[in-house]
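The structure appears below as structure tokens.
The values are calculated or read from the model by the stated rules, or taken from the named source; none is laboratory data. As the structure is a prediction and not an experimental result, all values here were calculated from the model. When we count neighbours, we look across all protein chains shown, and the Cβ atoms used for this are built from the backbone with ideal geometry, even at glycine. Ligands, DNA and RNA are excluded from the accessible area calculation, which covers all protein heavy atoms including side chains. Shrake-Rupley method; radii C 1.70, N 1.55, O 1.52, S 1.80 Å.
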Amino acid sequence: MYQAIVFLPLIGAIVAGFFGRAIGDRGAQLVTCGCMVLSALLGIVALYQVGILGHNRTIELMTWIESGTLELSWALRFDTLTAVMVFVVSFCSTWIHIYSVGYMSHDSSIPRFMAYLSLFTFFMLMLVTADNFVQLFFGWEGVGLASYLLIGFWYDKPSANAAAIKAFIVNRVGDFGFALGIFATYMVFDSVNFDAVFQAVPGKAGTQIVFLGTGYDAMTVMCLLLFVGAMGKSAQLGLHTWLPDAMEGPTPVSALIHAATMVTAGVFMVCRLSPMFEYAPTALAVVTVVGASTAFFAATIGLVQNDIKRVIAYSTCSQLGYMFFAAGLSAYSAAIFHLMTHAFFKALLFLSAGSVIHAMSDEQDMRKMGGIWRQIPVTYAMMWIGSLALAGIPFFAGYYSKDLILEVAFAANTGVGTYAFWLGTAAAFLTAFYSWRLLFMTFHGTPRADEHVMAHVHESPKIMTVPLMVLAVGAVVSGYIGYESFAGHNMAQFWRDAILVLPAHNTIEAAHHVPLWVKLLPVVVAVAGIALAYYFYIVEPSIPGRIVAMHEPLYKFLLNKWYFDELYDWMFVRSAKWLGRGLWKGGDGYIIDGFGPDGLSAATLVLARRAGRLQSGYVYHYAFAMMIGVVILVTWYLWRGHG
């Protein structure tokens, strides 16, 4: 059963990818969706058996690598952390597959698209079931490859190709740090198996890695390098620039990448490696600061974006920041709790946005929408549910998980915890504001689309709306259902040995005893954000324009995403082009070619031309040359004989 959960999506991908022409569009959809439904059902069973009953399993498939002291098995590790991730990934991916049947119905490459979706899901499942660092890296890189294929699916669009390449390159930067972290782990522990490394961590605490004659704390170095990989995959501040551009892919791709799968891989990895991070307090502080900064930074950009999918994309970036600073404060179960609830409501929001785009004849600019809620009432209701969950309004899913994270940050009673609490609270206000800005601009007010588009506004078919309803149920009830197991009285029994938290770091227990105002503040700021958005976009819709006119530099700063792309273009792209051109023209062209093949050929040509000039055609020139030759020959003969 456990093997089937992981490999059924791969089977679907192979059948649809290699035999798509033979089985046709409908056959590819049936095979991939059928495999995903089976995988999701088995994932629910695995969650019950492993998470509820406590039957942890490690299934060894084969010996993978045997070289010296390095011994690796290809094994599937099923503990509570894996079971939760498998459930979230397989369940959300299944409904995204089904939704894609309707959304991509007019596309010319349906089998290829369905194969890519299933391949992506397989790699993600392989990542979360990994039993060692190398297997984790295999799934990690596989997810990166599949995301490149999906983001650039419409390869005839230059913008899609550029976005796919950007995602691939930025992730390679993070993955380089991740690979160095794995190398350092093997150097210190002489193993890359999770169990062997985790058992040896307490004994290695305080040891040093010497680099260039200077010693550094080994655990801190390893954890920071591994976290660089998480920053790339989960689009944290500095390595986030690929995330909004990934919107160039089809909307189901956006939902799959930004909801339950690729971007959450970094959060999962930090939680999986909790036995290492717990002994690296400096690394945990860095995770907290980066996560909190990302939560606020992305929320500020979401305020002014006009593309409906980009607003939700920056929302994802912000929510990932919450998950990371929870993990940085040792509240790993709270981070996974928010990961699970976020998967439901963010997939719901993306797929609802896809339904809006479908209704608006592929229009994504919210400035060209408005006044359509009566024509698409189901999509409108689903978008409300997703937004209420995202804003943390009682008693939707986000209320339980996001508020818990803010309570943890306050309860940590540390400098970085306080920093995370206030930035997280500010981000909660901004999140509520831009979520209802999206709702009001998209569905309310006077229609801003042209008459032709408005005449064709229609609700999506049931193949698209039913997945929305299912995900909406998760966005409503998953927080209430999961709270006791993830962060309440059943937490210790539920997580068992899947996550390690040192007694001194038990911030979740402390979070239950914070003052009442700390518990109420996130709800108050969320309601305030909604009220402000209502006033700005419904009561006095002229206010946003006046604010932009008054604070145009700040508006442009946020609209241009804090100019990170321009900064990176100046720092890395242009300098790389300058260096490359210099090496090309100066190094390769002038030195290598100039003194190599080009130089030799030029010298040969010069000598040939000079030799050609000797062939004048006059007999006396040849006779003179023969005479000189005879003189030289006689001189040499006499000199040799005299010697």
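List of remarks:
- Options LEU70, LEU76: the member that is in contact with a strand residue (DSSP E or B) (Cβ under 9 Å, 6 or more places away or on another chain) and either of a type in the set (A, V, I, L, M) or open to solvent by 10 Å² or more (accessible area, probe 1.4 Å) (or both): LEU76
- Scanning the stretch 403-413 for any residue that is in contact with a Gly (Cβ under 7 Å, 6 or more places away or on another chain) and charged (D, E, K, R) turns up at least one such residue.
Per-residue answers, yes or no, for (1) under 13 Å from the mean Cα position of the chain (by Cα); (2) open to solvent by 50 Å² or more (accessible area, probe 1.4 Å); (3) closer than 18 Å to LEU243 by Cβ:
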site: ALA130; (1), (2), (3): no, no, no
site: GLN135; (1), (2), (3): no, no, no
site: TRP154; (1), (2), (3): no, yes, no
site: PRO158; (1), (2), (3): no, yes, no
site: ILE169; (1), (2), (3): yes, yes, yes
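- Within the option set ARG613, ARG581, ARG640, being among the basic types (Lys, Arg) and surrounded by 10 or more Cβ atoms within 10 Å (Cβ to Cβ) holds for one residue only, ARG581.
- Among (1) of a type outside the set (Lys, Arg); (2) modelled with pLDDT of 90 or more; (3) surrounded by fewer than 24 Cβ atoms within 10 Å (Cβ to Cβ), the one test that HIS358 misses: (2)
- Condition check for ARG57: open to solvent by 10 Å² or more (accessible area, probe 1.4 Å) and in contact with a Phe, Trp or Tyr (Cβ under 9 Å, 6 or more places away or on another chain): yes
- Index of the failed condition, GLY174 passing every other in (1) assigned to a helix (DSSP H, G or I); (2) touching a Ser or Thr at 6+ places or on another chain (Cβ under 6 Å): (2)
- Residue in the stretch 454-468 that is part of a helix (DSSP H, G or I), more than 30 Å from GLY102 (Cα to Cα) and not β-branched (Val, Ile, Thr) present: no
- Number of residues in the stretch 30-61 that are modelled with pLDDT of 85 or more and assigned to a strand (DSSP E or B) equals 4.
- Qualifying residue in the stretch 257-278 (condition: closer than 20 Å to MET366 by Cβ and either open to solvent by 10 Å² or more (accessible area, probe 1.4 Å) or part of a helix (DSSP H, G or I) (or both)): yes
- Count - residues of the stretch 108-128 that are surrounded by fewer than 20 Cβ atoms within 10 Å (Cβ to Cβ) and in contact (Cβ under 8 Å) with a residue 12 or more places away in the chain: 2
- Pairs with Cβ under 7 Å, 6+ apart, first in the stretch 426-440 and over 14 Å from TYR322 (Cα atoms) and in a helix (DSSP H, G or I), second open to solvent by 10 Å² or more (accessible area, probe 1.4 Å) and of a type in the set (A, V, I, L, M): ALA432/ILE530; PHE433/LEU303; PHE433/LEU532; TYR434/LEU303; TRP436/ILE530; PHE440/ILE538
- Yes/no for TYR103 being closer than 25 Å to VAL473 by Cα, loosely packed, with under 15 Cβ neighbours inside 10 Å and among the hydroxyl-bearing types (Ser, Thr, Tyr): no
- Filter result (surrounded by fewer than 17 Cβ atoms within 10 Å (Cβ to Cβ), more than 19 Å from SER100 (Cα to Cα) and touching a helix residue (DSSP H, G or I) at 6+ places or on another chain (Cβ under 8 Å)) within the stretch 20-47: ILE44
- The listed residue being touching a residue at least 40 places away in the same chain (Cβ under 8 Å), of a type in the set (D, E, K, R) and either open to solvent by less than 50 Å² (accessible area, probe 1.4 Å) or more than 30 Å from GLY482 (Cα to Cα) (or both), out of GLU363, GLU451: GLU363
- Test: residue in the stretch 215-224 that is modelled with pLDDT of 85 or more, closer than 22 Å to THR129 by Cα and part of a helix (DSSP H, G or I): yes
To keep it simple, each residue is scored yes or no on (1) touching an Asp or Glu at 6+ places or on another chain (Cβ under 6 Å); (2) part of a helix (DSSP H, G or I).
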| position | (1), (2) |
| --- | --- |
| THR63 | no, no |
| LEU76 | no, no |
| MET114 | no, yes |
| LEU119 | no, yes |
| PHE123 | no, yes |
| ASP156 | no, no |
| ALA160 | yes, yes |
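- Condition met for LEU180 (closer than 30 Å to TRP154 by Cα, open to solvent by 10 Å² or more (accessible area, probe 1.4 Å) and out of contact with any Ser or Thr (no Cβ under 6 Å at 6 or more places or on another chain)): no
- Evaluation of LYS402 against (1) buried (at least 17 other Cβ atoms within 10 Å of the Cβ); (2) outside any helix (DSSP H, G or I) (one fails), failing number: (2)
- Whether a residue is in contact with a Ser or Thr (Cβ under 6 Å, 6 or more places away or on another chain) and either open to solvent by 10 Å² or more (accessible area, probe 1.4 Å) or part of a strand (DSSP E or B) (or both) was assessed, and LEU8 passes this test.
- Pairs with Cβ under 7 Å, 6+ apart, first in the stretch 506-520 and farther than 11 Å from ASN413 by Cβ and open to solvent by less than 70 Å² (accessible area, probe 1.4 Å), second at pLDDT 85 or above and assigned to a loop (DSSP other than H, G, I, E, B): ILE508/ALA331
- Within the stretch 279-311, if we keep just the residues that are hydroxyl-bearing (Ser, Thr, Tyr) and surrounded by fewer than 24 Cβ atoms within 10 Å (Cβ to Cβ), the residue that is nearest to PHE410 (Cα to Cα) turns out to be SER293.
- Restricting attention to the stretch 233-256, the residues that are small (Gly, Ala, Ser), open to solvent by less than 10 Å² (accessible area, probe 1.4 Å) and farther than 26 Å from PRO467 by Cα total 1.
- Among the criteria (1) touching a residue at least 12 places away in the same chain (Cβ under 8 Å); (2) within 16 Å of VAL89 (Cα to Cα), the one VAL15 does not fulfil is (2).
- Taken over the stretch 383-399, the criterion of being more than 16 Å from ALA259 (Cα to Cα) and open to solvent by 10 Å² or more (accessible area, probe 1.4 Å) is satisfied by TRP384, LEU388, ILE393, PRO394, PHE395, PHE396, TYR399.
- Of the helices (runs of 4 or more DSSP H) lying entirely inside the stretch 483-589, those containing at least 3 residues that are among the hydrophobic types (A, V, I, L, M, F, W, C) and under 31 Å from the mean Cα position of the chain (by Cα) span 491-495, 516-534, 552-559, 574-582.
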